[in-house]
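Below: one structure, written as structure tokens.
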Amino acid sequence: MRTHFGLIGTITSDVITFDSGRSIKGIGGILYQAAVLCGLREDVFLYTNLGEELEADVEDMIRSWSTLRRDGINRVPGPGNQVHLHYPERGERIETLRSAVPPLDPRQIIEDMDKLKMLVLVVNSGFDIELSDWRKIVHSASCPIWLDIHSLPLSRTLNTPREYLPLPEWREWAEGVSFIQANTIELASMLGHPDKVPSREEMFEFSETAFELGIKAVFVTLGKDGVLALIKGESKTIAASAAKEVVDTTGCGDVFCIGTVVGLAAGKDPLTSAAFGLRLASEAVGIKGIEETFLLARNHQKRR
């Protein structure tokens with residue numbers, strides 16, 4: 001019986017800075033998604049390569065997550081994924097990757113496939129998995145797949161600010177996927193012009209191409225303006241709730257992702273699912289870090 005979510009991505013060690021001089025340090029990456037799933041008491045297989053220097057901190061963080069399966073966490077030598085994120089007062093965040101873990105071996109994921117009711121790939125680093133191995137996973141899947149493009153369009157040079165690059169190969173990543181998530185600049189990269197904000201018409205044209213590949217819904221995250229959900233014959237901009245206080249926006253797209261995925265896996269339609277995901281994400285801007293994200297999801301689980 002398929003009862004689990006599969007979650008593929010990279011655990012990161014983040015240093016987050018702001019123009020004001022404020023800084024935040026902590027563990028991040030795919031653990032944001034895992035925190036929401038575990039907080040909602042959903043069973044999850046986590047597939048990731050974890051740098052051995054992060055292992056103790058990560059284990060302290062996830063020790064109480066009783067629904068997390070650790071079989072797919074593979075320890076690798078080195079410091080792990082080390083990321084510096086800077087949020088200027090205006091404009092896109094600036095990301096610098098200091099070190100990266102090697103791509104995942106797909107064999108464990110393929111072996112577990114018959115246990116999964118939904119598979120999620122979040123491209124946290126761009127080094128997470130090779131395209132050829134991802135295709136093997138997709139071909140073996142018998143469950144819906146969610147793809148969050150995220151860092152896939154970013155340049156892969158270490159120790160310099162990463163740039164968004166055109167991503168013409170996005171179709172190879174997306175073929176066979178059920179749902180795709182991207183923000184506007186990631187979408188622009190897939191359209192071939194990362195330096196130009198896509199028009200609403202371009203977003204619709206992109207969704208038509210996605211539907212031809214078999215994708216059921218496209219979710220374009222719009223920051224404080226919410227999410228544009230595109231499904232065949234229908235589109236809707238779902239407005240974000242006003243935040244009482246903005247503490248840290250890191251991980252909000254991750255929270256939206258899993259809130260929506262949980263709804264879809266339960267048989268809810270894409271718009272209803274996205275509304276729940278966005279409600280969780282709107283609350284997440286008022287907190288910071290993995291532990292508080294887990295508690296946010298746990299509080300929602302208690303009210304379900």
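Values in this text are rule-based calculations from the coordinates and carry no lab data. None of the values given here were measured: they were computed from a predicted structure. A quick note on method: Cβ atoms are made from the backbone with ideal geometry, for glycine too, and the neighbour counts reach across all protein chains shown.
For region 4-303, with only Lys/Arg (+1) and Asp/Glu (-1) charged at the beta-carbon, what is the dipole magnitude about the Cα centre, in debye rounded to 20?
760
On full extension of the chain, what length is gained from E59 through F211, given 0.36 nm per residue of separation minus the C-alpha to C-alpha distance?
Residue separation times 0.36 nm, minus the Cα-Cα distance, leaves 50.7 nm.
Tally Lys/Arg at +1 and Asp/Glu at -1 over every other residue whose Cβ is under 11 Å from the Cβ of G9; what's the total?
Its environment carries a net charge of -3.
At most 16 other Cβ atoms within 10 Å and a DSSP loop assignment: could you name the trypsin sites (Lys or Arg not before Pro) in region 122-164 that fit?
Qualifying residues, ordered by number: R156.
Using 0.36 nm per residue, how much length does the chain from E291 to E202 gain when fully extended, once their Cα-Cα distance is taken away?
Here the segment from E291 to E202 would lengthen by 28.2 nm.
Thinking of region 4-303 as a set of Cα atoms, what percent of all their pairs are more than 25 Å apart?
Here the tail beyond 25 Å accounts for 43 percent of pairs.
What is the distance, in nm, between label points placed 7 Å from the Cα along the Cα-to-Cβ direction at L131 and at H193?
The answer from the label model is 2.3 nm.
With a point put 7 Å past each Cα toward its Cβ, work out how far D114 is from T237 in nm, to one decimal.
In this crude spin-label approximation the distance works out to 4.8 nm.
Could you pull out the pairs from K115/K236; K117/K232; K25/K268 whose alpha carbons sit more than 31 Å apart here?
In this structure, K115/K236; K25/K268 lie more than 31 Å apart at Cα.
State which helices in the chain qualify, where a helix is a whole DSSP H run, it must extend 18 Å or more along its own axis by its Cα atoms, and its mean Kyte-Doolittle hydropathy must be at least 1.0.
252-265
Find the relative contact order for region 255-304 and round it to a whole percent, using C-alpha pairs within less than 8 Å whose residues are 6+ positions apart.
The normalised contact order for region 255-304 reaches 32 percent.
For region 62-173, what is the per residue volume of the convex hull drawn over the alpha-carbon atoms, in cubic angstrom?
About 148 Å³ per residue, rounded to a whole number.
For a Förster distance of 30 Å, can you work out the FRET efficiency between the beta-carbons of E89 and T157, rounded to the nearest 0.05?
0.70
How do T67, T12 line up, fewest other C-beta atoms within 10 Å first?
Ascending number of Cβ neighbours within 10 Å: T67, T12.
Given the options S99, I62, S241, identify the residue whose Cα lies farthest towards the positive end of the charge dipole of the chain (+1 on Cβ of Lys, Arg; -1 on Cβ of Asp, Glu).
Working it through, the farthest residue towards the positive pole turns out to be S241.
Just want to confirm a number: the relative contact order over region 4-303, from Cα pairs under 8 angstrom separated by 6+ residues, in percent.
17
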